[in-house]
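Colleague: Provided herewith is a single structure, encoded as structure tokens, for subsequent inquiry.
The values are calculated or read from the model by the stated rules, or taken from the named source; none is laboratory data. Everything numeric in this text was worked out from a predicted model, so none of it was measured. Cβ sites come from the backbone with ideal geometry, for glycine too, and all protein chains shown count toward neighbours. We work out accessible area using only protein heavy atoms, side chains counted, and drop any ligands, DNA or RNA first. Shrake-Rupley method; radii C 1.70, N 1.55, O 1.52, S 1.80 Å.
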Amino acid sequence: MTLRPRLWRPLIAASAAAAVGVTYAGVGAPLRPLVVLWFLAVCPGMALVRLLRLRDSVSELVLAVAVSLSLETVVAAIALYGGHWSPALVLDVVAGIALAGAGAETLLGREGRRS
Amino acid sequence: MPSRGTRAALVLVVLLVFAAIVPSHQLTPFATLSAVTALVVFNRSSTRALPLIMVVAIGAWISFMTTAYLVGHLNALTGHVGSVEQNVSANVGNRLGGSRGHFLVVATRLGMTGMLWSLATVGAVRGLRRGSIALAAVLLALAPFPLILLQGYGGEMLMRVYLFALPFMCFLAAASILPRSGSVFRTAALALASVALAVGCLVTRYGNERMDMVTPAELHAAERLYGLAPPGSVLFAGTSNLAWKFRDYDRYRYDVVTETPQWRRLDPDDPDIGHAVRLVSALMAQAGPHAYLIITRNEMADADIRGPSPPGTLARLEQALERSPHFAVAYRNSEAAIFRLRAGGGA
């Protein structure tokens, strides 16, 4: 997915807000599954993987998907064993991690050094 | 070469992925461990501590989170370690049964697997000799095979090994027939292999479609089953091949008539249907006042295709139950029926 590097941060933030928004607003299919699936499949992992400053965008995307799914599994498992599992809570936590990752990238000022 | 910091972060990514794998599935952590160990042993990974960390993670999970299950099932998990012949038999020999059509499907699956692995072997040998294939691809293709030593996995281990190895086997198989420019022989081999795979795939994927398919009527019957049966009920089916267990899983008990020891004592070549009706009646009476039996079209297809009773046995049982004064039809549509015992109907 060849996306201009500087577009990822706003896209991740907008996707997190949209995923949480459509979930709590009770928006139905097909919009909600499309928005939430896009966010969960790519965005949390991409927010963290971009901190690694990989040069290969294909590797970055592959890692982003793997990290996203892993992160959600780990968060869901912790919530489950902690007795607080709910889809909305897991989504909230993952959205928070995605926003924190995007924010960290901004703070570290790494965007300008990426080619 | 990535920087030291990036490499450390990538190891953390691997550990995060592994942390998700460990609680998610009982077999995948061992397949991952085997693959990573192979890479480390053959010097294809510089992160030499990774297998050890993975062993610790698996051990921690087993020690702290699975003890309740292990207490009663340790022998089932470890009893077949090293029993290669028994494990292979459970994965191959025991599947070669049932109707002639089913035998053809299973034989085609085994043939396709053999063909793919043979092509992959040719691709690996040729690629390694020429230096055009990385050793890591071969190691990852072979890494799942030691799992077959552990246990039969309910007759599914070979299939799991096949699936874990599949991406790398496909890569190596493709390498064996990928035509180089101007090679007529390789181009013809590629065309032939593609046709064989395309045609074979129809049989291997859809050969058992009669029993794999779930129709809307069958699904509706299963939904009606949960509407009829209050929580705490015992739900019976003719075979385990149906769409159920999708609602309030922990609030129902499940049993399969043809998998009970009593059913296995029936004559496999010519089961006495009258005796089978009494057997079902006894099972349901023993289960309590809220017991239901569902028989669907794809259960019958399963029984006909995979046996062990002769084709038509489950259909005859359904007809006999319908005629029996001890059973009432609680629901019926064109492809499924739900039975319950009448009051005082237990054998």
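Colleague: Restricting to DSSP H runs of at least four residues, report the calculated mean residue ellipticity at 222 nm for chain A, -39500 (n - 2.57) per run over all residues, nearest 500 deg cm²/dmol.
Modeller: Calculated mean residue ellipticity at 222 nm is -26000 deg cm²/dmol.
Colleague: Accessible area per residue for the protein assembly as shown in Å², computed with a 1.4 Å probe and the full protein assembly in place, what is it?
Modeller: 54 Å²
Colleague: How many Cβ atoms of partner chains, on average, are near each residue of A:75-86 if near means within 10 Å of its Cβ?
Modeller: Per residue, the number of nearby Cβ atoms from other chains is 1 on average.
Colleague: Fully extended, how many nm does the chain gain between B:F185 and B:R126 (0.36 nm per residue separation, minus their Cα-Cα distance)?
Modeller: Gain on stretching B:F185 to B:R126: 19.7 nm.
Colleague: Then there's this: Along the Cα→Cβ direction, 7 angstrom out, place labels at A:A100 and A:A17. What is the inter-label distance in nm?
Modeller: 2.1 nm
Colleague: Let me ask another. Say each of B:S334 and B:A217 gets a label point 7 Å from the Cα, pointing the same way as Cα to Cβ; how far apart are those two points in nm?
Modeller: Each label point lies 7 Å from its Cα, and together they span 0.5 nm.
Colleague: Something else about it: Which percent, nearest 5, of DSSP beta bridges in segment B:197-347 are antiparallel?
Modeller: Once the DSSP bridges in segment B:197-347 are tallied, antiparallel ones form about 60 percent.
Colleague: Could I ask something else about it? Rounded to the nearest 500, what is chain B's calculated 222 nm mean residue ellipticity when only DSSP H runs of at least 4 contribute -39500 (n - 2.57) each, over all residues?
Modeller: -20000 deg cm²/dmol
Colleague: Would you list B:E85, B:E335 from the most to the least accessible area, probe 1.4 Å?
Modeller: Greatest to least solvent exposure: B:E85, B:E335.
Colleague: Kindly express, to the nearest 10 degrees and within the range 0 to 90, the angle between helix B:28-41's C-alpha long axis and the longest C-alpha principal axis of chain B.
Modeller: So the inclination is approximately 20 degrees.
Colleague: Using Cα-only point scatterers and the Debye equation, what is log10 of I(q)/I(0) for segment A:38-98 at each q in 0.14, 0.19, 0.30 Å⁻¹, rounded to two decimals?
Modeller: Each listed q maps to, in turn, -0.38, -0.63, -1.18.
Colleague: Another question, then. So for the protein assembly as shown: antiparallel DSSP bridges make up what percent, rounded to the nearest 5?
Modeller: 60 percent
Colleague: Tilt of helix B:216-228 relative to the longest C-alpha principal axis of chain B, in degrees (0 to 90, nearest 10)?
Modeller: Between helix and principal axis, roughly 60 degrees.
Colleague: I would also like to ask the following. Would you please report the Å³ per residue occupied by the convex hull of the alpha carbon atoms in segment A:5-108?
Modeller: Convex hull volume per residue, Cα atoms: 95 Å³.
Colleague: While we're looking at this one, here's another question. Could you tell me what percent of the DSSP beta bridges with both partners in chain B are antiparallel, to the nearest 5?
Modeller: The answer is about 60 percent antiparallel.
Colleague: Can you tell me which of B:V36, B:V234, B:V199 moves the most in a GNM of chain B? Springs connect C-alpha atoms under 10 Å apart.
Modeller: B:V199
Colleague: Can you give the angle from 0 to 90° between the axis of helix B:100-130 and the longest principal axis of chain B, with both taken from C-alpha atoms, to the nearest 10?
Modeller: So the helix axis and the longest Cα principal axis differ by about 10 degrees.
Colleague: Do you know which residues of segment A:31-63 lose at least 40 square angstrom of accessible area in the protein assembly compared with their chain on its own, with a 1.4 angstrom probe?
Modeller: Going by heavy-atom accessible area, the residues of segment A:31-63 that drop by at least 40 Å² are A:L52.
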